[in-house]
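Chemist: Attaching a single structure in structure tokens format; questions to follow.
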Amino acid sequence: MSNIPSLILNTNDRMPLLGLGVYKATAPGEVEGAIAAALDCGYRLIDTASAYKNEEGVGRGIRSSSVPREELFITTKLWNTAQRIGDIDGAFQRSLDRLGLDYVDLYLIHWPVPGCFINSWQALERIRESGQAKAIGVSNFEIPHLEALFQTSGIVPAVNQIEYHPLWNHSELYEYCRERGIAVQAYAPLARGAYLKKDTLLHIGETYGKSPAQIGLRWLVQKGISAIPKSVNPKRIAENADIFDFELTAEEMHQIEELDTGKSLFFSHHNPEMVEWFMSFA
């Protein structure tokens, strides 16, 4: 059984508020071990991607578990290469084959490749209609990208997975998505450790006997944002899930909001060199 609560997507499917991210878990047996540890702690959401090069390991981890498939929520993503050459159906089928699954719970466009993402979204719509993806969504999309989708499609993304943490709270994009029924999911929710020594989080953590990482994750899920911290350390995986036995006050939530720097810690959609680097990543 899992004690991790879920949110209801605009497809009426349930998505856990906490999941395991597996980016960079590519060493032999690494992702399988992380999944085993996570499932033992009550995790049911596993987030992977074609670009992570570990979908086969994720599939092995799933098959090694005694947790029924219908209790799991598996996400994978369409990478830029397939978007540029228009091979969306082929890329999706290869992801299914590597995972060893008949369907995924969520399929995302990993990046809004200019000139491509509208056609990619139309292909995802057909995949959803086939039943092989229960829900479809996007990642790294900003408001102009979503507006462009809405001009050509009546299907609203179920999820927008974005960088989101106390140091960048995306207030405008968060409200935009919330008003339109798009669930926000946070990758890099621990900001790669950048806020773990912040006095605000240390002091709040002392109140509840929690670490700054746990306070940051609790802040997210209390906002209704699904978080997918990545780890292959069983102790850390368990600690990340130990956030559902307390509640932050409104004042504490506000104090954490005030840590916002208003910018990404990693990259910008408005930096042409960074976008080009992302687009060239195979």
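The values are calculated or read from the model by the stated rules, or taken from the named source; none is laboratory data. Just so it is clear, the model here is predicted, and its values are computed rather than measured. Backbone-built Cβ (ideal geometry, glycine too); neighbour counts: all protein chains shown.
Chemist: Of the residues that make up the range 97-109, is at least one outside any loop (DSSP other than H, G, I, E, B), of a type in the set (D, E, K, R) and free of Cβ contacts under 8 Å to residues at least 12 places away in the same chain?
Modeler: Within the range 97-109 (the criterion being outside any loop (DSSP other than H, G, I, E, B), of a type in the set (D, E, K, R) and free of Cβ contacts under 8 Å to residues at least 12 places away in the same chain), the answer is yes, since at least one residue qualifies.
Chemist: Does the range 1-33 hold any residues that are of a type in the set (V, I, T) and either touching a strand residue (DSSP E or B) at 6+ places or on another chain (Cβ under 7 Å) or not in a loop (DSSP other than H, G, I, E, B) (or both), and which are they?
Modeler: Start the filter on the range 1-33 by keeping residues that are of a type in the set (V, I, T), which leaves 4, 8, 11, 22, 26, 31.
Correct list: I4, I8, T11, V22, V31.
Chemist: Considering the range 246-261 alone, what residues qualify as being surrounded by 15 or more Cβ atoms within 10 Å (Cβ to Cβ), of a type in the set (A, V, I, L, M, F, W, C) and more than 14 Å from I225 (Cβ to Cβ)? Walk me through it before giving the result.
Modeler: Looking only at the range 246-261, we keep the residues that are surrounded by 15 or more Cβ atoms within 10 Å (Cβ to Cβ), and these are 248, 252-253, 255-256, 259.
Cutting the leftovers down to of a type in the set (A, V, I, L, M, F, W, C) gives us 248, 253, 256, 259.
The one that is surrounded by 15 or more Cβ atoms within 10 Å (Cβ to Cβ), of a type in the set (A, V, I, L, M, F, W, C) and more than 14 Å from I225 (Cβ to Cβ): L259.
Chemist: Check off (1) modelled with pLDDT under 95; (2) of a type in the set (S, T, N, Q); (3) within 21 Å of Y187 (Cα to Cα) for T152 and give me the number that stays unchecked.
Modeler: (3)
Chemist: Collect the residues in the range 123-141 that are farther than 16 Å from L96 by Cβ and either among the polar types (S, T, N, Q) or modelled with pLDDT under 95 (or both), keeping them in residue-number order. Outline the logic, then answer.
Modeler: Our first condition is that a residue be farther than 16 Å from L96 by Cβ; within the range 123-141, this holds for 125, 137-141.
Result: S139, N140.
Chemist: Among residues belonging to the range 153-186 that are of a type in the set (A, V, I, L, M) and not in a loop (DSSP other than H, G, I, E, B), point out the one that is surrounded by the fewest Cβ atoms within 10 Å (Cβ to Cβ).
Modeler: Just the residues of the range 153-186 that are of a type in the set (A, V, I, L, M), to begin with: 155-156, 158-159, 162, 167, 173, 182-184, 186.
Narrowing the set further to residues that are not in a loop (DSSP other than H, G, I, E, B) leaves 159, 162, 173, 183-184, 186.
Numbers: V159: 25, I162: 22, L173: 18, A183: 24, V184: 23, A186: 26.
Filtering first and then ranking leaves L173.
Chemist: Restricting attention to the range 188-207, report how many residues are out of contact with any strand residue (DSSP E or B) (no Cβ under 6 Å at 6 or more places or on another chain), in contact (Cβ under 8 Å) with a residue 40 or more places away in the chain and surrounded by 13 or more Cβ atoms within 10 Å (Cβ to Cβ).
Modeler: 6
Chemist: Determine, yes or no, whether L45 is surrounded by 14 or more Cβ atoms within 10 Å (Cβ to Cβ), in contact (Cβ under 8 Å) with a residue 60 or more places away in the chain, within 28 Å of F141 (Cα to Cα) and in contact with a Phe, Trp or Tyr (Cβ under 6 Å, 6 or more places away or on another chain).
Modeler: Details: surrounded by 14 or more Cβ atoms within 10 Å (Cβ to Cβ): yes; in contact (Cβ under 8 Å) with a residue 60 or more places away in the chain: yes; within 28 Å of F141 (Cα to Cα): yes; in contact with a Phe, Trp or Tyr (Cβ under 6 Å, 6 or more places away or on another chain): yes.
Yes: the conditions hold for L45.
Chemist: Among the residues of the range 57-73 satisfying the criterion of being under 17 Å from the mean Cα position of the chain (by Cα) and not in a helix (DSSP H, G or I), which is surrounded by the fewest Cβ atoms within 10 Å (Cβ to Cβ)? So that I can check it myself, show each step before the final result.
Modeler: Here is the first cut: in the range 57-73, the residues under 17 Å from the mean Cα position of the chain (by Cα) are 58, 72-73.
Checking which are not in a helix (DSSP H, G or I) leaves us with 72-73.
Working: L72: 19, F73: 22.
This residue is L72.
Chemist: Kindly check whether there is at least one residue in the range 74-86 that is in a helix (DSSP H, G or I), surrounded by fewer than 17 Cβ atoms within 10 Å (Cβ to Cβ) and of a type in the set (A, V, I, L, M, F, W, C). Let's see the steps before the verdict.
Modeler: Filtering the range 74-86 down to residues in a helix (DSSP H, G or I) leaves 80-85.
Still in the running and surrounded by fewer than 17 Cβ atoms within 10 Å (Cβ to Cβ): 81, 84-85.
Checking which are of a type in the set (A, V, I, L, M, F, W, C) leaves us with 85.
Scanning the range 74-86, I find at least one residue that is in a helix (DSSP H, G or I), surrounded by fewer than 17 Cβ atoms within 10 Å (Cβ to Cβ) and of a type in the set (A, V, I, L, M, F, W, C), so the answer is yes.
Chemist: Any residue at all in the range 21-29 that's surrounded by 23 or more Cβ atoms within 10 Å (Cβ to Cβ) and either closer than 12 Å to D105 by Cβ or in contact with a Ser or Thr (Cβ under 6 Å, 6 or more places away or on another chain) (or both)?
Modeler: yes
Chemist: Which residues, counting only those in the range 34-56, are among the acidic types (D, E) and either at positive phi or not in a strand (DSSP E or B) (or both)?
Modeler: Let us first name the residues in the range 34-56 that are among the acidic types (D, E), namely 40, 47, 55-56.
Result: D40, E55, E56.
Chemist: Restricting to the range 212-245, and then to whatever is in contact with a Gly (Cβ under 6 Å, 6 or more places away or on another chain) and free of Cβ contacts under 8 Å to residues at least 60 places away in the same chain, can you tell me which residue is surrounded by the fewest Cβ atoms within 10 Å (Cβ to Cβ)?
Modeler: For the range 212-245, the residue satisfying everything is P212.
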